[in-house]
1. Sort 153-160, 222-229, 84-91 by packing, meaning the average of other beta carbons within 10 Å per residue, with the highest value first.
2. Can you compute the equivalent ellipsoid semi-axes for the chain, i.e. the square root of 5 times each eigenvalue of the Cα gyration tensor, sorted largest first and rounded to whole Å?
3. At E229 and S32, where each label point lies 7 Å from the Cα along Cα→Cβ, what is the point-to-point distance in nanometres?
4. Which one of Y25, Y115, Y166 has the biggest mean-square fluctuation once the chain is modelled by GNM with Cα springs under 10 Å?
5. Looking at the square roots a ≥ b ≥ c of the eigenvalues of the Cα gyration tensor of region 208-261, which shape do they give, rounded for a/c under 1.5, prolate if a/b is larger than b/c, or oblate?
6. Which distance in nm do the two modelled labels at R171 and H105 give, with both placed 7 Å along the Cα-to-Cβ direction?
7. How much length, in nm to one decimal, is gained on full extension between R197 and T257, taken as 0.36 nm per residue of separation minus their Cα-Cα distance?
8. Calculate, in nm to one decimal, what M1 and Q120 gain on full extension: separation in residues at 0.36 nm each, minus their alpha carbon distance.
Amino acid sequence: MHPMLNIAIRAARAAGNVIIRQIDYVQDMSVSEKSRNDFVTDVDRKAEAVIIDTILKAYPDHAILAEESGSRGENEYQWIIDPLDGTTNFLHGFPQFAVSIALQHKGVLNQAVVYDPLRQELFTASRGAGAQLNDRRIRVSKRRHLNGALLGTGFPFRENARIEQYIETFRILFPVTAGVRRAGAAALDLAYVACGRLDGFWEFGLQPWDIAAGALLIEEAGGIVSSMEGKQNYLDSGDIIAGNPSLLEELSKQIKTVIKN
Ligand code: IPD
Ligand code: CA
Ligand code: CA
């Protein structure tokens with residue numbers, strides 16, 4: 001295993017322990033609202049601190065981009081961290097949240113970990129070496145068409161302005177698939193695409209830390225992630241679609257009919 005992936009796993013497990021230890025004390029937790037419907041707790045901050053600590057102990061010069069503390073340092077290696085993806089779920093005891101850690105080298109995603117501490121599911125990938133769930137190789141689903149597909153999605157809950165556009169995409173996709181799930185943790189949604197539990201995924205307005213690790217998992221599992229326009233700048237754009245290559249083509253065609261208008 002790549003040594004940097006090893007560190008990412010150590011950091012993700014440590015953050016998972018912080019999250020699990022606090023799960024019974026959610027009611028007493030102090031919660032602040034970063035912006036409308038965007039919450040942060042001490043658990044997010046503690047989990048992030050443990051991750052950064054673990055990484056910098058091993059690689060003191062590496063740069064960091066983390067959801068709660070922002071960016072620090074400059075280096076050709078940059079870690080992209082979401083310490084708790086699915087904070088709203090966590091606060092409600094809804095069992096769907098994860099730790100997400102990715103490493104970019106010269107702007108290319110190289111290592112990825114998404115860890116679900118409740119189910120103890122560890123999704124990992126190293127560029128060129130495939131993707132795994134708890135050490136077993138995973139692949140994206142083989143379903144070629146939207147007909148019969150199960151899609152994951154997320155709602156643009158922070159951006160009222162995009163709700164209409166989102167609803168348009170939902171209106172065209174929902175009737176032509178077997179179903180749509182909104183589970184509330186984008187990093188896990190992407191991990192589920194990587195292992196074939198979901199056939200595809202779309203969401204507007206994500207941040208790099210929601211996407212980075214999940215995107216490499218999908219690519220290493222034989223799938224594709226792109227912006228809604230089919231471009232590779234998905235980390236910057238934050239509007240993403242994902243799936244296996246043939247399903248993605250259909251998904252992209254459908255979505256383009258909406259975003260062109
Ligand atoms: C959120 C979750 C959610 C997605 C949001 C994200 P957070 O992350 O991934 O599924 O719809 O856009 O912000 O805030 O819980 O880390
Ligand atoms: Ca997130
Ligand atoms: Ca988060």
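1. Details: 153-160: 15.9, 222-229: 20.6, 84-91: 22.8.
Ranked from most to least packed, the peptides come out as 84-91, 222-229, 153-160.
2. Details: eigenvalues 154, 89, 58 Å².
Sorted largest first and rounded, they come to 28, 21, 17 Å.
3. 3.6 nm
4. Y25
5. Values: a/c = 2.87, a/b = 1.31, b/c = 2.20.
Oblate, because a/c is 1.5 or more while a/b does not exceed b/c.
6. 4.7 nm
7. Values: separation 60, 0.36 × 60 = 21.60 nm, distance 2.65 nm.
Length gained between R197 and T257: 19.0 nm.
8. Details: separation 119, 0.36 × 119 = 42.84 nm, distance 1.94 nm.
Full extension from M1 to Q120 adds 40.9 nm.
Only the coordinates and a few stated rules stand behind these numbers; no lab work does. All of these numbers come straight from a predicted model, not from anything done at the bench. All Cβ positions, glycine included, derive from the backbone under ideal geometry; neighbour counts span all protein chains shown.
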